[in-house]
Every structure is written in structure tokens, then in C-alpha cells.
1. Give me the residue from region 96-111 that is of a type outside the set (Gly, Ala, Ser) and more than 7 Å from the ligand (Cβ to nearest atom) and, out of that set, farthest from Lys80 (Cα to Cα).
2. Is it the case that Lys154 is within 6 Å of the ligand (Cβ to nearest atom) and surrounded by fewer than 20 Cβ atoms within 10 Å (Cβ to Cβ)?
3. Kindly indicate whether any position in region 75-88 is free of Cβ contacts under 8 Å to residues at least 60 places away in the same chain and part of a helix (DSSP H, G or I).
4. Provide a single number: the residues in region 52-111 that are farther than 23 Å from Glu177 by Cβ and at pLDDT below 95.
5. Report, ordered by the first and then the second residue, all pairs with beta carbons closer than 7 Å, sequence separation of six or more or different chains, a first member in region 148-159 that is under 10 Å from Asn132 (Cα atoms), and a second member that is at pLDDT 95 or above and aromatic (Phe, Trp, Tyr).
6. Of all residues being surrounded by fewer than 17 Cβ atoms within 10 Å (Cβ to Cβ) and of a type in the set (Gly, Ala, Ser) in region 125-140, which is nearest to the ligand (Cβ to nearest atom)? Just the residue, please.
7. Exactly one condition in (1) near the ligand (Cβ under 10 Å from one of its atoms); (2) exposed (fewer than 15 other Cβ atoms within 10 Å of the Cβ) is false for Ala122; which is it?
8. Just wondering, is there one or more residues in region 58-73 that are surrounded by fewer than 14 Cβ atoms within 10 Å (Cβ to Cβ), within 13 Å of the ligand (Cβ to nearest atom), assigned by TED's automatic domain parsing to the domain that holds Ile162 and of a type outside the set (A, V, I, L, M)?
Amino acid sequence: MDELGFNKIAGAILATALGVMVLREVPHFFMHTDAPEVPVYSVGAIELGAGEEEALDLPFPQQSFVDAMDADEGANVFKKCQSCHNVEPGGPNGTGPNLYGVVGGPTAHKSDFNYSSAMNSAGYNWTYEQLNSFLTRPAAHLSGTNMSFIGLKKEEDRAAVIEYLRVNADSPLDRPEAKAAPAPEEPTEMAEGEEAPVVNEDGDVVEANVENPTADPTDTANQDEDAATEGEAVETSEDASNSEETASDDGAAETAAEEGTETNPTEDETEPQ
Ligand code: HEC
């Protein structure tokens with residue numbers, strides 16, 4: 001190959017490489033792809049609404065529920081039920097059963113109503129807690145129920161309508177007593193030096209900070225393994241302290257929520273009727 005031919009080929013290769021570089025860089029010149037300083041969305045802890053949290057871990061009923069038991073309010077909420085139910089003593093069944101005297105009574109309390117088999121075999125009593133859960137989302141509480149009603153999302157609506165049902169009875173059940181929220185759980189602290197036993201690949205218990213006395217000191221592979229196990233142990237204790245933090249945070253949040261409800265009398269108390 002003569003020198004000119006070689007130069008031509010080398011030139012072509014260089015030109016191609018240059019072209020590729022230019023094509024890769026030029027679009028960046030026109031398109032600004034800088035990441036925004038504040039992330040558009042971030043994935044973090046999922047926060048529950050105050051109401052949901054209450055439903056998750058507080059005993060039923062809370063003071064807020066008892067305070068919201070107002071028969072006049074309940075008569076208003078009952079408008080949502082009226083297309084299917086009435087509460088007249090001896091009143092007719094409609095799409096749903098007559099509800100006079102239902103509070104405290106057995107599930108499927110009317111012998112002359114054609115209940116779903118789910119309701120017929122439910123076999124419990126309509127306590128405040130059961131009613132509250134059923135009315136939150138009937139289909140979730142009793143799968144297979146015929147009550148095609150989405151549910152009452154607000155606790156105060158459920159409390160009010162339940163009070164309305166309660167007073168529409170020959171001998172109304174006593175009003176429920178509010179239950180105190182449990183004291184926030186103390187995180188279980190790990191005593192120092194009492195870390196969880198670390199197990200190596202062979203299933204033997206290896207103490208995290210003590211060299212394995214049976215290990216051959218020349219066996220570097222085994223030492224590496226130990227080092228890895230130690231690394232894991234450190235991670236585990238870090239996790240533990242993280243979860244402690246979370247637990248105490250939760251505790252603080254609960255206490256705050258509690259204080260909120262106590263210092264915030266939302267509804268007038270209705271005297272038992
Ligand atoms: C679309 C009609 C419909 C609406 C609206 C409706 N219900 Fe019902 N309800 C039913 C039917 C049907 C049943 C029987 C369910 C079954 O057999 O599974 C029922 C059952 C019940 C029961 C159980 C009765 C028993 O004898 O065990 C209660 C309590 C109840 N409804 C309360 C309410 C309240 C309170 C509302 C309004 C917030 C309401 N329902 C709205 C149709 C309805």
C-alpha cells in the first residue's frame with residue numbers, strides 16, 4: 001500500500017471518529033438535560049392521614065367517635081340510607097331491612113327479610129365496633145353482602161348515624177365509653193455487647209468481635225468471610241437504631257394526635273336519650 005493510500009484510510013477513520021464525537025456532543029448543546037435542583041417527586045415514607053392512623057392502631061371507640069354520636073346529625077346522615085332502609089318501629093323492609101332496634105342485635109336481625117347468605121351466616125352482634133367497621137365499607141367488612149352502598153368515609157358520619165340507629169329502638173343500648181389510647185410502646189433496647197449472634201456460611205455462630213479461635217490464621221479466605229460477617233453485624237445494629245428512631249417518632253406523633261383530640265372538643269355531647 002502506498003503512503004497516499006494509507007493516509008486516505010487513516011484520514012477517513014479519523015474523520016469518522018471526529019464525526020461521531022461531534023454528533024454525540026452537539027445535541028447536548030441544544031438540549032438542556034440538567035437535573036432539577038429540587039426533585040420533581042421523591043419516594044419517601046408514606047404518610048397516613050390522621051384518621052387512617054387512628055383506625056390502624058387505636059382501640060375503639062376513641063373519644064372523637066363518642067363525641068360525634070349525635071342523633072340529630074345522624075338523622076341527616078341517614079338520608080343516604082333512606083332509599084333502602086327505614087327506622088320506624090314495625091316499619092316495612094325495602095331494598096334493605098327495617099333497621100329499628102338493630103344496634104346491639106344479631107346480624108340479619110329481621111326474620112322477614114331476605115338477606116344474602118353472607119349476612120345470614122355472619123353470626124355476630126351489631127356492636128358499635130362491628131357497625132362502625134361495616135358502615136366504613138360494607139363490602140370489605142362482609143364480603144358477599146347485598147348492601148350495595150360504598151360506605152361512610154368520615155368517622156363523624158358513622159358515629160352520628162349509629163347514634164341515630166341506637167335511639168331508634170325499644171330499649172336502646174348504652175352509649176359506648178371512649179377508650180384511652182395505649183401508651184406509646186417503649187422501643188426494646190439491645191443491651192451493649194449483646195448483639196444478635198452472627199452466623200457464618202456454615203451455620204456456626206460466630207461472635208462478631210472475637211476472632212474465631214478455631215480458625216486457621218493462615219486461612220485468609222476464612223478471615224475475609226469473618227470480615228464480611230462483621231460488616232453485616234454493623235449494618236444490623238444500624239438498622240436497629242433506625243427502627244428505634246422511627247418508633248419514638250411514631251410515639252411523638254401519637255401523643256400529638258391525642259393532645260389534638262383532647263383539646264379540641266368538636267361536637268357537643270348529646271345526652272343519652
Ligand atoms: C342501596 C341500598 C342500601 C343503602 C343505600 C344502604 N343499605 Fe344497609 N343494607 C342494604 C341491604 C340490601 C342489606 C342486607 C345486606 C345483606 O343481606 O347482605 C343492608 C343491611 C344493613 C345492615 C345490617 C342489618 C341486619 O339486619 O343485619 C345495617 C346495620 C345497615 N344496612 C345500615 C345501613 C346504613 C346506616 C346505611 C346508610 C349509611 C345503609 N345501610 C345504606 C341496602 C342498603
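The values are calculated or read from the model by the stated rules, or taken from the named source; none is laboratory data. Predicted model, so just to flag it, every value in this text is computed and none were measured. Here the Cβ positions follow ideal geometry from the backbone for every residue, glycine too, while neighbour counts run over all protein chains shown.
1. Among residues in region 96-111 that are of a type outside the set (Gly, Ala, Ser) and more than 7 Å from the ligand (Cβ to nearest atom), the one farthest from Lys80 (Cα to Cα) is Pro106.
2. no
3. Checked region 75-88: at least one residue is free of Cβ contacts under 8 Å to residues at least 60 places away in the same chain and part of a helix (DSSP H, G or I).
4. 1
5. Listed by first residue and then by second, the contacts come to Glu155/Phe65; Ala159/Phe65.
6. Ala139
7. It fails just one condition, (2).
8. no
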